[in-house]
Amino acid sequence: MNTSKWLLGAAGLTLLTSTVLSSCSGGSAPAQPDSSAAQPAPSASGGEAVKSGGDPVKLTMYSWRPEDKDGYQLLIEEFQKQNPDIQVEFKPFKSTEYNTILNNTLQSGTGVDILQLRPYDAATAIADAQYLTPLDGLKGLEQIQDSYLTAAKGSDGKVYGVPFMLNNAVIFYNKKMFEELGLKVPETYEQFMTLNETLKSKNIVPIAQSGKAAYLLSMTHAVIGASAYGGNGFVDAVLKGETNFKDPKFVESINRMKQLEPYFPKDFIAIEDKDAQAMFYSGQAAMYINGSHRLETFKANDLDFPVDFFSGFAASPGEKPNIVTWVDGSYAVAKSSKYQEQALKFMEFIASKTFGQMFSEKLTRVSPITGVEPAEPLLKQMAAISAEQSTPYLILTNFNRGAPSSKVTFEDSLQGMYLGKLTPEQVADALQASVDKWFKPAK
């Protein structure tokens, strides 16, 4: 089953399918834009020309989140109160179509001023192709941790995007069901497996997992597997080249994914995420693994039971588990924009606490801006845990290069495992073989 073109909708994760992404693979030189894109002519702009009589400049802002349109309208209105001479048009596209539209627009040098960037390697690819304006020194960037800014840096080390959203992958559960059945939140993986068996014995699907979109499998692995491979200790070791993905501890993390198969829905590899959500909402399933962005979805569906979460598993009872955390997107300025000054002013707004607080409250997200506290109780808990006990979504944050990317190779291989074609060891072998084609350990 080939999933190399599958995209992450609400979470914002994806693999670019243009020549821009191929610049990340195998150490090959970046695909260069044409001269008009790299050094745009005066007419190359995503905004409208300033009209006689002092009409406002209009900036066009691309996004892969149509569902956020109402929230962004409020944010834009706040910006325009202080900047009446700048209008911003929020122009979202379907997540599955966004990358193609964005790449075509950037290559043409017209159509967009401000754009949402997929994080990490996808952002680096676009920056390296010289489509973006460097943002180093932008007012407000000092309020964002450098570890978050890494998600929007080019290979030259410059910052090309303002991170606007953090995501956490967690295990959501039906709190009412747990209380009625006298179930306790597991602290360790072993306790989790006992919990799953108890739920299954009561004819309840333990985990509403979807497998049709393979990125959901790597997200689940990030939550389930971290305690098996050792969390940040393994992350540091693999990035330094001291170990690799054939490490028995990482193989065990994949084996845990296989062990969970009896507790997923029947034929889960063929069901959509929306169907998995429906199972959770209806009470057919007790738990659902996904990102913190799903809190907004839960609210929109007006569930008749309270939802709670746990972040993963500790090595031993009484210890605190890590929470998987990553930057899920940033905003950048197109180098082809005719209105650099105005676009940068809007970027300063995105980097401000005013934007961060409004964004968190209106769209139920965690902002990366220091000092912004979410109003939503569960989101607030996730942000607090993340500040003390976070671990990265490793396959996304550090191993999303190659053609196909190592992330996609891993996800496809997990699907192959569930289809009976691969063993956990073979999944690890496939991932490492992909990584070996491009990865160079940190010196």
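Residues of the range 211-225 being small (Gly, Ala, Ser) and under 17 Å from the mean Cα position of the chain (by Cα), which ones? If you could, list the steps in order and put the result at the bottom.
Restricting attention to the range 211-225, the residues satisfying the condition of being small (Gly, Ala, Ser) are 211, 213-214, 218, 222, 225.
213, 214, 218, 222, listed by residue number.
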Scanning the range 247-287 for residues that are β-branched (Val, Ile, Thr) and either closer than 21 Å to residue 393 by Cα or not in a loop (DSSP other than H, G, I, E, B) (or both) gives 251, 254, 269
State whether one or more residues within the range 377-395 are farther than 23 Å from residue 215 by Cβ and part of a strand (DSSP E or B). no
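When the range 427-442 is examined, which residues are found to be surrounded by fewer than 16 Cβ atoms within 10 Å (Cβ to Cβ) and closer than 9 Å to residue 409 by Cβ?
At the first step, the residues of the range 427-442 found to be surrounded by fewer than 16 Cβ atoms within 10 Å (Cβ to Cβ) are 433, 436-437, 440-442.
Within the range 427-442, 433 is the sole residue that qualifies.
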For the range 415-443, what are the residues that are small (Gly, Ala, Ser) and at pLDDT 95 or above? 416, 420, 428, 430, 433, 434
Conditions (1) under 24 Å from residue 368 (Cα atoms); (2) in a helix (DSSP H, G or I); number of the one not met by residue 136: (2)
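Those residues that are of a type outside the set (D, E, K, R) and closer than 16 Å to residue 164 by Cβ, I need them from the range 127-149; list them, please. Talk me through it step by step, then tell me what you get.
Going through the range 127-149, the residues of a type outside the set (D, E, K, R) turn out to be 127, 129-135, 137-138, 140-141, 143-145, 147-149.
The answer is 132, 135, 138, 140, 141, 143, 144, 145, 147, 148, 149.
Here is a yes/no grid of residues against (1) surrounded by fewer than 20 Cβ atoms within 10 Å (Cβ to Cβ); (2) in a loop (DSSP other than H, G, I, E, B):
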| site | (1), (2) |
| --- | --- |
| 218 | no, no |
| 226 | no, no |
| 233 | yes, no |
| 245 | no, yes |
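Let's see how each residue does on (1) over 20 Å from the mean Cα position of the chain (by Cα); (2) assigned to a helix (DSSP H, G or I); (3) touching a residue at least 24 places away in the same chain (Cβ under 8 Å):
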site: 320; (1), (2), (3): yes, no, yes
site: 324; (1), (2), (3): no, no, yes
site: 330; (1), (2), (3): no, no, yes
site: 338; (1), (2), (3): yes, no, yes
site: 342; (1), (2), (3): yes, yes, yes
site: 347; (1), (2), (3): yes, yes, yes
site: 360; (1), (2), (3): no, yes, no
Only strands (runs of 3 or more DSSP E) wholly contained in the range 49-127 count here; list those with 2 or more residues that are in contact (Cβ under 8 Å) with a residue 40 or more places away in the chain and hydroxyl-bearing (Ser, Thr, Tyr). 57-63
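May I ask you to say which residue of 244, 203 is under 26 Å from residue 272 (Cβ atoms), over 21 Å from the mean Cα position of the chain (by Cα) and assigned by TED's automatic domain parsing to the domain that holds residue 281? Before you say what the answer is, go through the steps one by one.
Details: 244 fails: under 26 Å from residue 272 (Cβ atoms).
Among 244, 203, only 203 is under 26 Å from residue 272 (Cβ atoms), over 21 Å from the mean Cα position of the chain (by Cα) and assigned by TED's automatic domain parsing to the domain that holds residue 281.
The values are calculated or read from the model by the stated rules, or taken from the named source; none is laboratory data. What you are looking at is a predicted structure, and each value in this text was computed from that prediction instead of being measured. Methodologically, a virtual Cβ is constructed for each residue, glycine included, from the backbone with ideal geometry; neighbour enumeration extends over all protein chains shown.
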